[in-house]
Amino acid sequence: MGYRISQEMDLMRKLEILADAAKYDVACTSSGVDRKNTGSGTGNCMTTGICHSFSSDGRCISLLKILFTNECIFDCRYCINRRSNDVPRASFTPQEVCDLTMGFYRRNYIEGLFLSSGIFRNPDVTMDLLYQTLYKLRREYNFQGYIHVKAIPGADPEIVERTGYLADRMSVNLELPTAEGLRVLAPQKQRSRMLAPIRQVQQRRMENRQELALYRHAPKFVPAGQSTQMIVGASGESDFQILKVAEHMYREYEMKRVFYSAFVRVNDDSLLPALPGGPPLLREHRLYQADWLLRFYGFHTEELLSEERPDFNVFLDPKCDWALRHLEYFPVEVMKADYQTLLRVPGIGVHSARRIVKARRLGTLDYTVLKKMGVVLKRAVFFITCGGRQMYPVRLEEDFILRNMLDRKEKLPAGVSPAYTQLSLFDDPRFLV
């Protein structure tokens, strides 16, 4: 299919508009900064869409992060690109995206492309334009770099599937955690239409794994998996509800990542929260910490939160908070505890737990060795013994551990301060750390 898209605007101006419009999508970990060349140096760092993400082996990779278009037929209350907003509009052509991607890549600015889009005319038209862009990059320019592309809800499944064979990763943003929140703030969108391409990608990936097992050279379908994103704080969902949705997406749809985006009030709307303290960044941070516990530490949502206790502790990370509420499981003896038990100890991560299990087969461990293995002793010391002994005498009491473990450097919301228990003059000084 062919679609006529305006090419009158200067390409650099389009890049400025569509890179800025893409900054609210947090499926990458950071965005560019504006540092221009003064005339005496080499290169510059303009806000033209260069962002950073991380590969599965931990490498940081640079991506060109842009929208194909910020024109949109929807009028979501929380979106800067909504139809009723008076903002500069621009659209790329498939050829322009190819020129930009190859130009940046040849200059070693980027290693891949992150391509999202507003809904231009209708979902089918938009998805087909994204497909044309990826097809030109892969087939005409032989671009072998990383490509992350959005699957457009409501688009023809055949176009989504064709695009999936050209992309490394696909994503569909849930946008809001619940269908009720979507009904209030984005009534033109339906949760079922968002879940349809997610289920399609999951099922096609399962079929593709079987094909690859039989035929080594079979084409790969979305080899890096799929991800999604939820806005935090735009609607009234609790942390418990948000984390339950994320856990469901990991379990039922085999998501690689669920991203959380602290709500930024970009529109003046009576149905949006006022946010006098700014975006809920600490809440976003706690959700990412809990997400890590779900994915790698064997926790479940019900262990971290409940309907009676629906939100995270602002003073402690979720793992420390869980440990303080379950002191009956501690102290843990590092020379005997199994791997899953070690993962529950604050200050012991995935890598350090594996090192402990491996090293203790060869000899006795001590606290000096544990520190070299990467154990954060300032947290772990309250919850472990090594060879039957504590590093130094500490009390296994919630108030005492909280006073000594709280990280004062962590930024707390305005007007919030920890309510410490008054220290007694008769506290044993051996217990003060």
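The values are calculated or read from the model by the stated rules, or taken from the named source; none is laboratory data. For clarity, every value in this text was computed on a predicted model and none was experimentally measured. Positions of Cβ are backbone-derived with ideal geometry, glycine not excepted, and every protein chain shown enters the neighbour counts. We work out accessible area using only protein heavy atoms, side chains counted, and drop any ligands, DNA or RNA first. Shrake-Rupley method; radii C 1.70, N 1.55, O 1.52, S 1.80 Å.
For region 207-326, please list each of the helices (runs of 4 or more DSSP H) lying entirely inside it that holds at least 2 residues being in contact with a strand residue (DSSP E or B) (Cβ under 7 Å, 6 or more places away or on another chain).
Numbers: elements: 239-253, 281-296, 301-304, 318-325.
Answer list for region 207-326: 239-253, 281-296.
Of all residues in region 113-129, those being out of contact with any helix residue (DSSP H, G or I) (no Cβ under 6 Å at 6 or more places or on another chain) and either free of Cβ contacts under 8 Å to residues at least 24 places away in the same chain or under 16 Å from LEU67 (Cβ atoms) (or both) number 9. Can you find even one residue in region 132-151 that is modelled with pLDDT of 95 or more, of a type in the set (A, V, I, L, M) and touching a Cys at 6+ places or on another chain (Cβ under 7 Å)? Yes, region 132-151 has at least one match.
Against the list (1) surrounded by fewer than 19 Cβ atoms within 10 Å (Cβ to Cβ); (2) within 24 Å of ALA186 (Cβ to Cβ); (3) in contact with a helix residue (DSSP H, G or I) (Cβ under 7 Å, 6 or more places away or on another chain), the condition TYR260 fails is (1). Taking the criterion of being open to solvent by less than 30 Å² (accessible area, probe 1.4 Å) and of a type in the set (Val, Ile, Thr), the residues of region 358-392 that qualify are VAL375, VAL381, ILE384, THR385. Against the condition among the basic types (Lys, Arg), open to solvent by 40 Å² or more (accessible area, probe 1.4 Å) and under 30 Å from VAL266 (Cα atoms), how does ARG355 come out, does it pass? No. Every condition in (1) out of contact with any Asp or Glu (no Cβ under 8 Å at 6 or more places or on another chain); (2) assigned to a loop (DSSP other than H, G, I, E, B) is met by SER352 except one, and the failing one is (2).
Looking only at region 137-147, residues that are buried (at least 19 other Cβ atoms within 10 Å of the Cβ) and not in a strand (DSSP E or B) come to 2 in all. If you go through region 167-194 and keep only what is without any contact (Cβ under 8 Å) to a residue 12 or more places away in the chain and over 19 Å from ARG83 (Cα atoms), you end up with just SER192.
Pairing each residue of region 380-397 that is aromatic (Phe, Trp, Tyr) with any residue that is open to solvent by less than 70 Å² (accessible area, probe 1.4 Å) and in a loop (DSSP other than H, G, I, E, B), provided the two are 6+ apart or on different chains, yields C-beta distances under 7 Å for PHE382/VAL394; PHE383/PHE330; PHE383/PRO331; PHE383/VAL345; PHE383/PRO346.
Of all the listed residues (ASP86, ASP124), the sole one being surrounded by fewer than 20 Cβ atoms within 10 Å (Cβ to Cβ), over 30 Å from ILE242 (Cβ atoms) and at pLDDT 95 or above is ASP124. With respect to the stated conditions, GLU111 is more than 30 Å from ARG251 (Cα to Cα), open to solvent by 10 Å² or more (accessible area, probe 1.4 Å) and out of contact with any Pro (no Cβ under 7 Å at 6 or more places or on another chain).
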